[in-house]
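Visitor: Have a look at this one.
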Amino acid sequence: MTQSLALKAGEARVRLGARGITRRFGALTANDQIDFSARPGTIHAIVGGNGAGKSTLMRILQGMDQPDEGSIIVNDSAVTLSGPAEAFRLGIGMVHQEFMLVNQLTMLENLILAREPVSSLGVIDRAAALKAGQDLAERAGVTLNWHQRVQDAPVHARQILEILRLLYRGADVLILDEPTAVLAPQQIRDLLVLLQRLRDDGRTILFISHKLGEVMAISDDITVIRTGRVITSGPADETSKAQLAVQMTGEMVRAVTPRRAREGDTVLSITGLGLTDGRGIRRLSGIDLSVAAGEIVALAGISGNGQDELVEAITGLSSISEGNVALRYHDVTGMSLHQRRALGLAYLSPDRAHEGLCLEASITDNVIAGHHRRAEFLASGLLRLKAIRAHAEAQLDRFGVRRDSAALPVSSLSGGNQQRVAIARELDGSPALLIACQPTRGVDIHGIAAIHQCLLEYRDAGGAVLLVSEELEEIMTLADRITVLFNGAVRGTLRRGEADVESIGRLMLGEDA
Amino acid sequence: MAMPSTNPATYTGFSALKLIGTALLPFALALVVAGVVLAMAGHNPFDVYRLLALESFGSSKRIAATMAAATPLIFTGLGTAVAFRAGAFNVGVEGCVSIGGLAAAYVGFTFVTLPAALLLPFAMLAAALAGLAWMIIPGLLKARLDADEVVTTLMMNFIAVAIATWLVNGPLLAVGSANSATPMVAEAARLPRLMRGSTLNAGFLIALICVLLYWLWGKRTALGFETRLAGMSPRFATATGMNVPRLVLKMMLLSGALGGIAGGTHALGNVYRYVDGFSPGYGFVGIAVALLGRGNAWGILMAAILFGALSTSGATIQLFSDVPIEIVDILQGMVMIFAVARFGALGRKAA
């Protein structure tokens, strides 16, 4: 493999790059004259907020999309990529944000999928496959349980598998799209070490991120893009985190200043909650949790440690095995989501595209859904469309949703504005409790600040918030108390002030704070 | 970055012009393909099409015949569309047509002493309720156990026709009749004719009212709003507090009721009894009508009239030319195939 790497990389000065790449979608220019050069054997970071044009550029570099102008540079010469297969032939592979693995197969089967080592009888040579897998893992300095099914494997193992699979297939240029989004702090550190090791082996890594700490920690070169244009491109040691932040956003972003609100009555109270799923697996056990009015309680944890199940238990989307859920002193354990909403529950879904919003429906429909049977909107069985439209417009203005027309489908909005539509709906009618799951996922840095402000204003007006987030920074910014889930149980609870990233990180991994 | 969907067909489809475009395109393509078939068979396609047009819209009598043929298709098209709107692919309207027709005929020949003002509504109500009841089992299976409604409703069709056949050969067989039919319904149970010398009857007016109600339901009612959202995204509808399984069940039942009414108007307006082989596939053509009409009230009306025209002109074209009746079947099949295709996808791929 080392030899083929040398052949591919040759003595090129640019292993992968872009020259004047422009891509337009209608009136929108997603990529505008993009230039960058990733030198062989380096980690090159592409930094930008949401909507900066990173994903479009990655699709082009993968051959999944064609630029309107400009060209891709591979080993110093311009090439046209017809598709991911062609990119792969040139040694370029990508790890997508959403993993492309077959959940029902084992880690090893996923590794060799479509490139199976075959014995002379035409049968898959499992011994050879295992050896190849172990060799790769050893060289990368990681250990994996090769016989585990992917669906049972932890997220960081799946990510490592995705990377090893690219190596197995002979890629020496790895494109990683926001690879740390799903990892705990310690795992992030491990991944960064792995990437540096691969770089030192002579591979070229394109690291797409908006987390400036990580970018500064491992990159050799950094390219910042904003609104489709390259703002700057150069060695990492000539810039700083602060400078990058300014370049990324175009201005200094005002940090959210949290205020300490006076706590009120208990709004949500969970006692002894447990859940055993249909396959007999224990998902949640012995959870006690309460949220008071005027308080933000954050639920931290590596994804897959019971957050989803707990949220479904609180919202009533699924039933529980034991314990109680009370909302404003009403026992709601057996109630439907509809009944719980009537008692003041609001639920901001983590899955904006499929649950938080109905992308095909209009913006107005998305704002009004669930409120449409209020007396002001429904007269003798018929919807009062005028009143509905007026109310939707007022809500959209209140939450600063930038739009052409509220009659357009909500999918026509940017990620940040979509999320504001969902928040506008959920905070309508002043609910007592907001379950806010991943409220800023896929939202750019301005959007994040605005959404945080919404949550804080709601809290300061006496609202109770249960915040579920994978962004530790977000939790540290907003939460009055932080409860860490590990393996379906509460691992620890920290108050604002006594919580730091390190101690939360230890709790997330099941250790003691 | 997340690109907004660039499929214009889906989102700007609210304008009437666009709707006509998407509904007519499959028909135009079908005409072209069938034209090639005709030409290869030695016929001049333009002559054949002119003849078809004349036979379906050439005179007030022919127009009345087309509307009469469209009547059951309007009901079955709407019936299929309400289930589609809720996200249930109900192909069981055909069975409801049979069950509804049988129920209407039974009331019509049993309670013969009632005056028309009571008997006719009673018979129509029986048809609607029978169709509704026929959808309870697949509806509950879908709502409670998430059983695939395509399979269950398709199977229910065979059961419906078999039960009706058994009944008209046994308990409900007309005395002295040998041809698997119920007795004729009372005069008072018959839907009044709208035009002398035509089978066009008051059922067509009921169908138009249903189109209007369907439009109102989709545009202005809370239930229609909820059904639309539940059909597009069940998870979203659930998360905003809607009871999606119950909505699906309701729409399956409504779908069955409309199928029953289709059978009722056919029994009380055309055949005046239930006979074996009662429905020539009204329920199945209704699926094509709902698809071609894109679930839109006026689209469904247009599509039903189109299929009605094809069936009336097909019936008489053989009398005036040597064109085989199968060419009409080919045309119908082609329209259905192209109606299912989503032409918006072409534009999306190119973008």
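Visitor: Helix-derived [θ] at 222 nm for chain B: sum -39500 (n - 2.57) over DSSP H runs of at least 4, divide by residue count, nearest 500?
Guide: For chain B, the value works out to -23500 deg cm²/dmol.
Visitor: In degrees from 0 to 90, rounded to the nearest 10, what is the angle of the helix A:445-460 Cα long axis to the longest principal axis of chain A?
Guide: Once rounded, the angle reads 20 degrees.
Visitor: So, one more: Non-local amide H neighbours of A:Val468 (under 5 Å, H modeled in plane, Pro and chain starts lacking H): which ones?
Guide: For A:Val468, the qualifying residues are A:Leu299, A:Ala436, A:Cys437, A:Gln438.
Visitor: How large is the helix-only mean residue ellipticity at 222 nm for chain A, computed as the sum of -39500 (n - 2.57) over DSSP H runs with n ≥ 4, divided by its residue count, in deg cm²/dmol to the nearest 500?
Guide: -9500 deg cm²/dmol
Visitor: Return the subset of B:Lys142/B:Lys219; A:Lys386/B:Lys219; B:Lys219/B:Lys250 for which the Cα-Cα distance in this structure is over 24 Å, preserving the input order.
Guide: Too far apart for the 24 Å limit: B:Lys142/B:Lys219.
Visitor: Take every residue in peptide A:336-347, count the Cβ atoms of other chains within 10 Å of its Cβ, and give the average of those counts.
Guide: Rounded to a whole number, the mean comes out at 2.
Visitor: Right, next: Taking the Cα atoms only, what angle lies between the long axis of helix A:126-140 and the longest principal axis of chain A, rounded to 10 degrees?
Guide: Tilt of helix A:126-140: around 80 degrees.
Visitor: Could you give the Stokes-Einstein D for the protein assembly as shown in µm² per second, using the C-alpha Kirkwood radius, 4 °C, 1.567 mPa s?
Guide: It comes out at roughly 42 µm²/s.
Visitor: Roughly how tilted is helix A:155-168, in degrees to the nearest 10 and between 0 and 90, from the longest Cα axis of chain A?
Guide: 20
Visitor: Follow-up question, since we're still on this one. Could you sort B:311-322, A:266-277 so that the peptide with the highest average Cβ count within 10 Å comes first and the rest follow in order?
Guide: With the highest mean Cβ count within 10 Å placed first, the list reads A:266-277, B:311-322.
Visitor: With +1 assigned to the C-beta of every Lys and Arg and -1 to the C-beta of every Asp and Glu, and no other charges, what is the dipole magnitude of the protein assembly as shown about the Cα centre in debye, to the nearest 20?
Guide: For this selection, approximately 2020 debye.
Visitor: Still on this structure, I have one more. Post the alpha-carbon centroid distance, the stretch A:209-230 to the stretch B:321-339, in whole angstrom.
Guide: Answer, in whole Å: 61.
Visitor: Using +1 at the Cβ of each Lys and Arg and -1 at the Cβ of each Asp and Glu in chain A, identify which of A:Val47, A:Gly492, A:Ser430 lies farthest towards the dipole's positive end.
Guide: Checked the options; the winner is A:Ser430.
Visitor: A further question follows. Can you pull the one-decimal nm distance between simple spin-label points at B:Thr221 and B:Ala178, each 7 Å off the Cα toward Cβ?
Guide: About 4.9 nm separates the two model spin labels.
Visitor: Quick one: 3J(HN,Hα) in Hz for the stretch A:381-391, Karplus 6.51/-1.76/1.60 with θ = phi - 60°, rounded, Gly and Pro as x.
Guide: x, 9, 6, 8, 4, 5, 5, 5, 4, 5, 5
Visitor: Which ³J(HN,Hα) values in Hz, rounded to whole numbers, follow from the phi angles of the stretch B:132-147 under the Karplus curve 6.51 cos²θ - 1.76 cosθ + 1.60, where θ = phi - 60° and Gly and Pro get x?
Guide: Each residue of the stretch B:132-147 in turn: 4, 4, 5, 8, 4, 5, x, x, 5, 4, 5, 6, 8, 10, 6, 6 Hz.
Visitor: Let me confirm one metric for peptide A:368-376, namely the mean number of other chain beta-carbon atoms within 10 Å of its residues' beta-carbons.
Guide: Average neighbour count from other chains, rounded to a whole number: 4.
Visitor: Which sequence of B:Lys219, B:Lys142, A:Lys54, B:Lys250 reflects their accessible areas, 1.4 Å probe, from the largest down?
Guide: Solvent-accessible surface, decreasing: B:Lys219, B:Lys250, B:Lys142, A:Lys54.
Visitor: Using the Karplus equation 6.51 cos²θ - 1.76 cosθ + 1.60 (θ = phi - 60°), what ³J(HN,Hα) coupling, rounded to whole Hz, does each residue of the stretch B:211-221 give in order, writing x for Gly and Pro?
Guide: Once rounded to whole Hz, the list reads 4, 5, 5, 4, 4, 5, 4, x, 8, 10, 9.
Visitor: From the Cα gyration tensor of the stretch B:59-144, with a ≥ b ≥ c the square roots of its eigenvalues, which class applies: rounded if a/c is under 1.5, or else prolate if a/b is larger than b/c, or else oblate?
Guide: Oblate.
Visitor: Taking the Cβ-Cβ separation of A:Lys131 and B:Asn169 as r and a Förster radius of 60 Å, what is the calculated FRET efficiency to the nearest 0.05?
Guide: According to the calculation, E is roughly 0.25.
Visitor: What is the sum of charges, Lys and Arg at +1 and Asp and Glu at -1, for the other residues whose Cβ falls under 13 Å from the Cβ of A:Asp220?
Guide: 0
Visitor: Which cross-chain or sequence-distant (5 or more) residues have an amide H under 5 Å from the amide H of A:Gly323, H modelled 1.01 Å from N in plane?
Guide: Amide H neighbours of A:Gly323, under 5 Å, 5+ apart: A:Gly274.
Visitor: Sorted by packing (mean other beta-carbon atoms within 10 Å per residue), highest first, where do A:121-128, B:75-82, A:301-308, B:134-141 land?
Guide: Ranked by mean Cβ neighbours within 10 Å, highest first: B:75-82, B:134-141, A:301-308, A:121-128.
Visitor: A further question on this structure: Given H placed on each backbone N at 1.01 Å, which residues far from A:Gly492 in sequence or on other chains put an amide H within less than 5 Å of it?
Guide: Here the answer is A:Val484, since their amide H atoms fall under 5 Å of that of A:Gly492.
Visitor: First obtain the Kirkwood hydrodynamic radius of the stretch B:20-350 from its Cα pairs, then insert it into the Stokes-Einstein equation at 10 °C and 1.306 mPa s, and state the resulting D in µm² per second as a whole number.
Guide: 78
Visitor: Determine, from the Cβ-Cβ distance of A:His338 and B:Ala116 and an R0 of 56 Å, the FRET efficiency 1/(1 + (r/R0)^6), rounded to the nearest 0.05.
Guide: 0.80
Visitor: What is the local net charge at A:Ala326, summed over the other residues whose Cβ is closer than 13 Å to its Cβ (Lys, Arg +1; Asp, Glu -1)?
Guide: -1
Visitor: Additional query: Considering every residue in A:361-367, what mean count of other chain Cβ atoms within 10 Å of its Cβ is obtained?
Guide: Average per residue, whole number: 2.
The values are calculated or read from the model by the stated rules, or taken from the named source; none is laboratory data. None of the values given here were measured: they were computed from a predicted structure. Ideal geometry is used to build each Cβ from the backbone, glycine not excepted, and the neighbour counts take in all protein chains shown. Note: areas computed on protein heavy atoms with side chains; ligands, DNA, RNA excluded. Shrake-Rupley method; radii C 1.70, N 1.55, O 1.52, S 1.80 Å.
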